[in-house]
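Novice: To start, I am sharing the structure in question, which I have written as structure tokens.
Computed from the coordinates by the stated procedures, all read-outs in this text should not be read as laboratory data. All figures in this text were calculated on a predicted structure; none of them were measured in a lab. All Cβ positions, even for glycine, are placed from backbone atoms using ideal geometry, and neighbour counts span all protein chains on display.
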Amino acid sequence: MQKKHVRPVRKKFVRPPAKTNVVRAAVQKHTNLLSHPLGLAGGASQIHGMFNIRVYGILFGENKKVLVSDEYIRGGYYTKFPGGGLEFGEGTRDCLKREFKEEMDLDVRIGDHLYTTDFFQMSAFNPEHQIISIYYFAEALEPIKVPLRTKPFDFDEQQLKVYAEKKETETFRFIDWEAFSEESVTLPIDKVVARLVKTL
């Protein structure tokens with residue numbers, strides 16, 4: 001009986017993905033992670049909040065006077081500690097140094113950590129933001145050059161022009177130690193820190 005010839009089956013060659021495609025896919029995945037409010041891939045329709053990290057400084061003047069910033073933002077008046085938002089790529093201490101330089105043209109040394117928020121606090125400006133505030137002691141390394149006010153929200157003409165353009169402006173003043181309390185500041189986390197400061 002003649003044997004039937006069976007042709008061998010050739011395995012289909014699969015070309016490996018080009019390195020550029022692999023790199024492109026990895027970059028796209030990383031971009032998706034960064035673009036999500038919480039840095040998570042997927043589930044964007046179920047997660048709506050994001051963290052807003054703020055860094056503030058407690059700076060004492062003569063006779064333990066406390067430096068505060070009076071701010072006029074979108075029609076609201078707020079008294080708070082100097083500082084601001086953490087930017088991507090910087091540490092918290094570098095952030096606070098930058099904020100003092102930008103807001104007051106003041107070089108400072110950042111001292112000990114005092115407090116980090118340990119409770120939920122929603123942003124006063126965006127209900128989808130949870131605020132995490134970090135507080136350090138700060139020391140001025142040079143005389144303060146910006147005008148210092150003696151009464152709250154005493155904005156000059158130039159500062160009001162800034163508000164007209166940007167819808168926010170600020171000025172600074174020292175509060176006497178005896179007069180300083182949690183009632184001196186506006187925001188809930190600042191009030192917690194003010195109580196801590198008064199125990200020093």
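Novice: Using amide H atoms built 1.01 Å from N in the peptide plane, name the residues 5+ places from ALA138, or on other chains, whose amide H lies under 5 Å from its own.
Specialist: ILE58, LEU59, PHE60, GLY111
Novice: Can you list which of the trypsin sites (Lys or Arg not before Pro) found in the stretch 117-197 are DSSP loop residues with at most 12 other C-beta atoms within 10 Å?
Specialist: Here the sparse-neighbourhood loop sites are LYS145, LYS167.
Novice: If R0 is 35 Å, what FRET efficiency do you get for GLN130 and GLU157 from their C-beta distance, rounded to 0.05?
Specialist: 0.40
Novice: List, in the order given, every pair from LYS65/LYS145; LYS64/LYS167; LYS101/LYS191; LYS167/LYS198 whose Cα-Cα distance in the structure shown is over 27 Å.
Specialist: Beyond 27 Å between Cα atoms: LYS64/LYS167; LYS167/LYS198.
Novice: Separate question: Using a Förster distance of 25 angstrom, determine the FRET efficiency expected from the C-beta separation of LEU148 and GLU178, and round it to 0.05.
Specialist: E(calc), rounded to 0.05, equals 0.85.
Novice: Could you rank the peptides 183-189, 88-94 by their average count of other C-beta atoms within 10 Å per residue, with the highest value first?
Specialist: 183-189, 88-94
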